[in-house]
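The values are calculated or read from the model by the stated rules, or taken from the named source; none is laboratory data. Predicted model only: the values in this text are computed from it and were never measured. We place every Cβ from the backbone using ideal geometry, glycine too, and count neighbours over all the protein chains shown.
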Amino acid sequence: MNYNKHSKKVKLQLSNGATLKLSDRLSENLVFVPGEVLGENVVRDTTYAIESPFIADPNVDLYLLYIYTDIIQPEMVGGVFAPLLRIVTVKGKDGDMIHEIFDRPHYCPVSRKNFQSIEIVIRTHTGRFVSFDRGKLIVKLHFRLKHL
């Protein structure tokens, strides 16, 4: 497998009648058709190269972060109710230190009056859990009394 920095496409080379089926997620990231068996019709003792038809983006899943928490009332998000606190646009690239300050607080109704802990879950737009392998993640929450 090769990645061409200029064309931003992935090229796979198969030989000796080998076939390859990528997982759906990997197919989407490398911009191949999910479920397609690559090299299926290749004759034995030949080499076959296939290039992704579109630009491959390894960070395709990381443009938006969906921040969920267990202490707010669920709201309608994409046809389902979910405890979505905020959607954050990712700026920077892997390894960069990102610092985001929101000048105007975004208030959501809390789901309960008392709690011992707060669970924060961060996912991509496809629902994949985002792990932070390096550095720290700090989330600051601001509470206010509801005006009646």
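Summary table below
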quantity: For CYS108: the one exception among (1) assigned to a strand (DSSP E or B); (2) touching a residue at least 24 places away in the same chain (Cβ under 8 Å); calculated: (1)
quantity: Exclusive hit being among the basic types (Lys, Arg), in a loop (DSSP other than H, G, I, E, B) and under 30 Å from ARG25 (Cα atoms), set LYS146, LYS136, LYS113; calculated: LYS136
quantity: Residue selected from the range 83-116 under the condition closer than 18 Å to TYR66 by Cβ and of a type in the set (Val, Ile, Thr), by the criterion farthest from the chain's Cα centre (by Cα); calculated: ILE98
quantity: Condition check for VAL42: among the aliphatic types (A, V, I, L, M) and at pLDDT below 75; calculated: yes
quantity: Check on ILE67, in contact (Cβ under 8 Å) with a residue 40 or more places away in the chain and either part of a strand (DSSP E or B) or over 25 Å from GLY135 (Cβ atoms) (or both); calculated: yes
quantity: Every residue from the range 1-23 that is surrounded by 12 or more Cβ atoms within 10 Å (Cβ to Cβ) and under 27 Å from THR126 (Cβ atoms); calculated: TYR3, ASN4, SER7, LYS8, LYS9, VAL10, LYS11, LEU12, THR19, LEU20, LYS21, LEU22
quantity: Qualifying residue in the range 34-48 (condition: more than 28 Å from LEU20 (Cβ to Cβ), free of Cβ contacts under 8 Å to residues at least 24 places away in the same chain and among the small types (Gly, Ala, Ser)); calculated: no
quantity: Failed item, numbered, when SER131 is tested on (1) in contact with a Gly (Cβ under 9 Å, 6 or more places away or on another chain); (2) outside the structural domain of ASN16 (by the TED database); calculated: (1)
quantity: VAL60 being within 20 Å of the chain's Cα centre (by Cα), hydrophobic (A, V, I, L, M, F, W, C) and modelled with pLDDT under 75; calculated: yes
quantity: Extreme residue, farthest from TYR107 (Cα to Cα), among residues of the range 121-134 that are surrounded by fewer than 10 Cβ atoms within 10 Å (Cβ to Cβ) and of a type outside the set (Lys, Arg); calculated: ASP133
quantity: Positions within the range 22-38 being of a type in the set (D, E, K, R) and assigned to a helix (DSSP H, G or I), in sequence order; calculated: ASP24, ARG25, GLU28
quantity: Flag for VAL80 being surrounded by 11 or more Cβ atoms within 10 Å (Cβ to Cβ) and among the aliphatic types (A, V, I, L, M); calculated: no
quantity: Unique residue being at pLDDT 80 or above, closer than 30 Å to CYS108 by Cβ and more than 15 Å from the chain's Cα centre (by Cα) when the list is THR69, THR19; calculated: THR69
